[in-house]
Amino acid sequence: MLQVYLVRHGETEWNVARRIQGQSDSPLTANGVRQAQQVAEKVKSAGITHIISSDLGRTRQTAEIIAQACGCEVITDPRLRELNMGVLEQREIATLKTQEEAWRKSLIDGTPDGRIPQGESMAELASRMQAALNQCLDLPENSRPLLVSHGIALGCLLSTVLGLPAYAERRLRLRNCSISRVDYQNSPWLANGWVIETAGDVSHLTDAALDEVQR
């Protein structure tokens, strides 16, 4: 059975400012660095063999902290990037006009063709995230990879593992530096293939993650 750990990046400056990041970027806060260190402490004894990260700065910074504890090098994969948020990237959520907020909400409220102008659809996001996950099946036997990605991207991936459409209403909270795990297995009681073992675990964090504070 292949076990794959999924980690959302640590808290960033734009998370705190409630700015839309998408495939733009901002650095981790001091709290985000501390969160990544706590992930590292949690997984360093899990036998991680590969750390594969989105190529965006906030995920690479998170991955490098984890990799140092696990004795691995960081491999970057642009397929693990966050959803492209098009014309709304770098905007503060509070400044969005009515039409702009409707575009943003269409990505999380179950709208089948939801998309921000010049951005990606959830189906396009799901396609590349699934491809990145499935490539883990090509790793050597007894590998245990850890993927570092983003909130919407990981939420979309986990939803599709459950058999939901990529555009399904977003109902899974994945806080900064939460840990999820999916396993690839053949089971008499579960569908063959990828199954979710855990999702959004933050028990390793000593302080409330930003998403929890803001809910």
Within segment 160-215, restricting to residues that are surrounded by fewer than 17 Cβ atoms within 10 Å (Cβ to Cβ) and of a type in the set (Ser, Thr, Tyr), the one that is modelled with the lowest pLDDT is Ser187
Restricting attention to segment 133-159, and to residues there that are open to solvent by 10 Å² or more (accessible area, probe 1.4 Å), out of contact with any His (no Cβ under 8 Å at 6 or more places or on another chain) and of a type in the set (A, V, I, L, M), which single residue is nearest to Gln68 (Cα to Cα)?
Leu137
Pairs please, first residue from segment 20-34 and at positive phi, second anywhere and assigned to a helix (DSSP H, G or I), Cβ atoms under 8 Å, 6+ apart in sequence or on different chains.
Gly22/Gly86; Gly22/Leu88
Restricting attention to segment 81-97, does a residue exist that is open to solvent by 40 Å² or more (accessible area, probe 1.4 Å), in contact with a strand residue (DSSP E or B) (Cβ under 9 Å, 6 or more places away or on another chain) and over 24 Å from Val16 (Cα atoms)?
no
Count of residues meeting criterion [surrounded by fewer than 23 Cβ atoms within 10 Å (Cβ to Cβ), among the aliphatic types (A, V, I, L, M) and under 17 Å from the mean Cα position of the chain (by Cα)] in segment 21-46:
3
Of all helices (runs of 4 or more DSSP H) completely enclosed by segment 1-119, which ones contain at least 1 residues that are at pLDDT below 95?
13-17
Count of residues meeting criterion [without any contact (Cβ under 8 Å) to a residue 40 or more places away in the chain, part of a loop (DSSP other than H, G, I, E, B) and over 19 Å from Ile48 (Cα atoms)] in segment 159-202:
12
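The values are calculated or read from the model by the stated rules, or taken from the named source; none is laboratory data. In this text the structure is predicted, and so the values were computed from the model without any measurement. All Cβ positions, glycine included, derive from the backbone under ideal geometry; neighbour counts span all protein chains shown. Accessible surface areas use protein heavy atoms only, side chains included; no ligands, DNA or RNA. Shrake-Rupley method; radii C 1.70, N 1.55, O 1.52, S 1.80 Å.
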